[in-house]
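The values are calculated or read from the model by the stated rules, or taken from the named source; none is laboratory data. Predicted, not measured: the structure shown is a model, and the values here were computed from it. Note that we place each Cβ from the backbone using ideal geometry, even for glycine, and neighbour counts take in every protein chain shown. For accessibility, only protein heavy atoms count, side chains too; no ligands or nucleic acids. Shrake-Rupley method; radii C 1.70, N 1.55, O 1.52, S 1.80 Å.
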Amino acid sequence: MPVLYDRFFQAIFELPVAVLTTFVILWALQKVAPRIGLIDHPLGRKDHEEPTPSTGGIAMLLGIALTSAMFGQWTPQWMYFLAAGALLILIGVLDDLYDLKWWVRVIAQCAAVLVMVYGGLRVEHVGQIVGMKSTGLGSWSVPFTMFATVGVINAINMSDGVDGLAGGIVLATLCMLEAAALHSGNIVLAERLAVFAGAVFSFLLLNMRLPWQHRARVFMGNAGSALLGFTIAWASFSLTQDRAHPVTPVLAPWLVATPVIDCLSLILRRVMRGQSPFRADRDHMHHLMLDAGFTPTQLTLTLVGINLSLGLFAALARVAQVPQTLLVLAFVGLLLGYFWLTWKRERGVAAFAALNRSLTRLHLKPGNKYLQARPCGEE
């Protein structure tokens, strides 16, 4: 028990160290970005106002790695995580520079998953979806792990279209994973999550619109969205596949519900319309909300709040011993409901406009001048 307390307090101390370390790296890379071409210019479908460094992903990985090194966290499994993260950052940077084909990115993401699997982490069971026993995956373990990880990576990537949105959702998810890890007694994972959260928080200080900052000063780039999506998948698997500190896998999708539901419904709509699931359009959840009158920061705060609420709902349901099958059905119901709502774009925009008016009447919509409508961030 004393060892657990020591590690708990170490985790608390690691968070501010990760914040400071990542912030220093972010500041330094802003000076380097123009020299290496990692500048996101406002061209094509990109709506931001000024050229902006897209070095957030590199900075977060370096901040996580250096903080871990300071506290001696270099376990073999952690080395595999960093190796997979480095691969995703490399491909992401190349994508930011040269706009790679979608299948090149997917192959790299699958390779990163194989590194994780080789390091000993995979999805071996998915909880009590049907019946009273946990559903084991057997030979489907690796394919399912690959499908789930690539799905989360692309869900986070698709949400990265407004200043602070992807980072805010990831930070909220990490906080919920942290609470679940502490509740289950998984202090080792809690340490990792504290470092992750510190790095993402530091990034948000330069990416969100704040009273003293009317636009993002740095973007995470495709490298950053791939890293954060992989991080969420890695942390979820570490939490739910640990037999010593069991947490039901059914809880995982609820903790990152908004980007996952948006991603799945968007792909389903495209496929049903005979379009490529990887085509570019303006039908993402954040696009509908912008058209409904939300400003970028209002949108970010609203979606982060919804994501937290859904995660809290699922956690309380499990505390109340709601059957896991019902939670799965409820999530599928949310997905199908959102799919129906947005099948007709105008219907989705009208629904978000009604939400916008409701928040205004409840005085939940901030009115500071820094929240006024401006072009959104990266796409």
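The table that follows gives values for the structure above.
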{"read-out": "Members of region 355-379 found to be part of a helix (DSSP H, G or I) and either within 30 Å of residue 42 (Cβ to Cβ) or modelled with pLDDT of 95 or more (or both), listed by number", "value": "355, 356, 359, 360, 369, 370, 371"}
{"read-out": "Failed item, numbered, when residue 62 is tested on (1) surrounded by fewer than 17 Cβ atoms within 10 Å (Cβ to Cβ); (2) at pLDDT 85 or above", "value": "(1)"}
{"read-out": "Selection count where residues are open to solvent by less than 10 Å² (accessible area, probe 1.4 Å) and in contact with a Ser or Thr (Cβ under 6 Å, 6 or more places away or on another chain), scope region 65-75", "value": "1"}
{"read-out": "Complete set of residues in region 332-354 that are of a type in the set (A, V, I, L, M), in contact with a helix residue (DSSP H, G or I) (Cβ under 9 Å, 6 or more places away or on another chain) and under 12 Å from residue 288 (Cα atoms)", "value": "341, 349, 351, 353"}
{"read-out": "One residue from 235, 216 being modelled with pLDDT under 95, at negative phi and surrounded by 22 or more Cβ atoms within 10 Å (Cβ to Cβ)", "value": "216"}
{"read-out": "Criterion: among the small types (Gly, Ala, Ser) and without any contact (Cβ under 8 Å) to a residue 40 or more places away in the chain - qualifying residue of 224, 274, 311", "value": "274"}
{"read-out": "One residue from 162, 195, 188, 200 being open to solvent by 10 Å² or more (accessible area, probe 1.4 Å) and among the β-branched types (Val, Ile, Thr)", "value": "188"}
{"read-out": "Unmet requirement for residue 123, which otherwise passes all of (1) part of a loop (DSSP other than H, G, I, E, B); (2) surrounded by fewer than 17 Cβ atoms within 10 Å (Cβ to Cβ); (3) β-branched (Val, Ile, Thr)", "value": "(2)"}
{"read-out": "Cβ pairs under 6 Å, 6+ apart, first in region 167-186 and under 18 Å from residue 245 (Cβ atoms), second aromatic (Phe, Trp, Tyr) and at pLDDT 95 or above", "value": "174/196"}
{"read-out": "Any chance residue 72 is more than 21 Å from the chain's Cα centre (by Cα), in contact (Cβ under 8 Å) with a residue 24 or more places away in the chain and part of a loop (DSSP other than H, G, I, E, B)", "value": "no"}
{"read-out": "Which listed residue is within 29 Å of residue 351 (Cβ to Cβ) and either surrounded by fewer than 23 Cβ atoms within 10 Å (Cβ to Cβ) or modelled with pLDDT under 95 (or both), from 245, 284", "value": "284"}
{"read-out": "Residue pairs meeting the criteria (Cβ under 7 Å; at least 6 apart or on separate chains; first of a type in the set (Asp, Glu), in region 278-307; second open to solvent by 10 Å² or more (accessible area, probe 1.4 Å) and part of a helix (DSSP H, G or I))", "value": "283/345; 291/349"}
